[in-house]
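Any read-out appearing in this document is the output of simple, stated calculations on the displayed coordinates, not a laboratory observation. Computed from a predicted structure; not experimentally measured. Cβ coordinates were reconstructed from backbone atoms using ideal geometry, including for glycine residues, and neighbour counts include every protein chain displayed.
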Ligand SMILES: CC1=C(/C=C/C(C)=C/C=C/C(C)=C/C=C/C=C(C)/C=C/C=O)C(C)(C)CCC1
Ligand SMILES: [Fe+2]
């Protein structure tokens, strides 16, 4: 397939009213050459207009838009146009002068190799986006992460590693046998670090996914891939939680044990690559540990969720995806919450809870009585009403076929109440009426100063129905049990990320950053006031970016 003819006028300066200045481009999008390999894809009628998008003010293609059915070509679910970009964004509104630093957001942004299109949102090759705020100005950049999986796909023009749902096709039986061996050793698993990005206490910035080998160090200024983050311990295992708890003083994560169902709770110090075991939790139900995409902590405890949606060794081996991918729903195995003391590794509570499905914990804290004794742990999460269908809804075909029907399954802020008095059961209830946020709830953040502590506010994506994906930015007030919602028709916002104002004393004194993929193919970075939840500024990208998952903040030194 031919690469698109590429306008020669790249790397030029244009006026800020044209949405960017001093833009640096490299290879051009789908059907584009990336280094040696060519990622060729069927030509999109809009590709011919790419140079316009890159060099002019917001470009809408009204007649073309009408011709395209539904949201088939929503930019949120379309591979990123080009491998990298950097430029200053024209800003409407005012960026607070105190906002000084870099927001990084990671996510799967390229969903094809050659002519082959991936099927699931989580399969895409990682696209890292950077928003640098300084003196009221906003410089944006994006770049593909150079994982082995991405480089091999570019070089060979085919999928070479096992992604979330995609499996490379073995050329013959012998290579299939080899492939099985590779699976057991982990060699065939992807290192496509497409899920999150964290800043460690020592300043290193690491992109992550659920395979341990997919821990990749990047330069937050240039977005260069610096190399693998190699864990120097011998704890082994192939997978870990995609969301470690990272503070200036520690890195905590969970390593699921698929052979002897359970989890290792491990800790790593800043400056070190060695994880040390705090303790182990044995599963109480099921043939395998529950999927732990994330987990919460309090000041003194690590909470280990045992979700009835469990890893499945047979599904890991399959060539074709099953409805729940590498997982299986085992309601008979029940759901549990375990509480481990961070200092001793002892389990202080292990309770059965109602069935649940969650990917993202919001926060947790210790509830105390009037004498200051801890009586319970409260853990909040984005809970999908114990329904796994959200995984299927996140298939690209479903995301790309929105025709106005309301197909997003309901979700809520699930609040676990875990008593520490030896009770055998814990509770799970909605922390507020889910109607407040349109019964959509995922992709959450809090003020990081409240991590593990009693808190009042959470930011997340909710729903304005009908929709097929969370389409609002939502501020949840857990005290008043109310929500404020930001919504723009047809827009797909990414996870709202809270940055506190230096010196703030109120929990919600700061800004919320999100990136918006618009219906017309455009996109912008959005700043909302953390308290009023009103827009304070937006910076328009030269073209819309695909949806992204999780981010982190790197303050200016
Ligand atoms: C690559 C392999 C795996 C990878 C797992 C990955 C990449 C998991 C990523 C999970 C994510 C991004 C979950 C996000 C959830 C967001 C939701 C529910 C949003 C809802 C909106 O309404 C394993 C499967 C671990 C195994 C082998 C290989
Ligand atoms: Fe996540």
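See the values below:
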{"item": "Spatial extent of the chain: Rg and Dmax, with the Cα atoms as the point set, Å", "result": "22.7, 73"}
{"item": "Cα centroid separation - the stretch 227-295 against the stretch 351-394, whole Å", "result": "19"}
{"item": "Cα shape, the stretch 376-502, gyration tensor, a/c 1.5 rule", "result": "oblate"}
{"item": "Burial ranking of peptide ranges 183-195, 364-376, 249-261 (average Cβ count within 10 Å, highest at the top)", "result": "183-195, 249-261, 364-376"}
{"item": "Fewest-first ranking of 179, 495, 435, using other Cβ atoms within 10 Å as the exposure measure", "result": "435, 179, 495"}
{"item": "For the stretch 444-557: rounded, prolate or oblate by the Cα gyration tensor [a/c cutoff 1.5]", "result": "oblate"}
{"item": "Label point distance in nm, residue 393-residue 92, each placed 7 Å from Cα along Cα→Cβ", "result": "3.0"}
{"item": "Cα centroid separation - the stretch 119-141 against the stretch 472-498, whole Å", "result": "20"}
{"item": "Stretchable slack from residue 299 to residue 504, in nm (0.36 nm times residue separation minus alpha-carbon distance)", "result": "71.7 nm"}
{"item": "Per-peptide average of other Cβ atoms within 10 Å, ordering 512-519, 327-334 highest first", "result": "512-519, 327-334"}
{"item": "Distance between the stretch 415-429 and the stretch 440-467 - C-alpha centres, whole angstrom", "result": "22"}
{"item": "Rounded tilt (10° steps) of 173-185 against the dominant C-alpha axis of the chain", "result": "50"}
{"item": "For the stretch 361-423: rounded, prolate or oblate by the Cα gyration tensor [a/c cutoff 1.5]", "result": "prolate"}
{"item": "Mean Cβ neighbour count within 10 Å, used as a protection proxy, ranking 140-148, 312-320, 384-392 highest first", "result": "140-148, 384-392, 312-320"}
{"item": "Label point at residue 406 placed 7 Å out along Cα→Cβ; residues across the stretch 452-493 whose backbone nitrogen lies under 16 Å", "result": "462-472"}
{"item": "Length gained when the stretch residue 520-residue 429 is fully extended (0.36 nm per residue, less Cα-Cα span)", "result": "28.9 nm"}
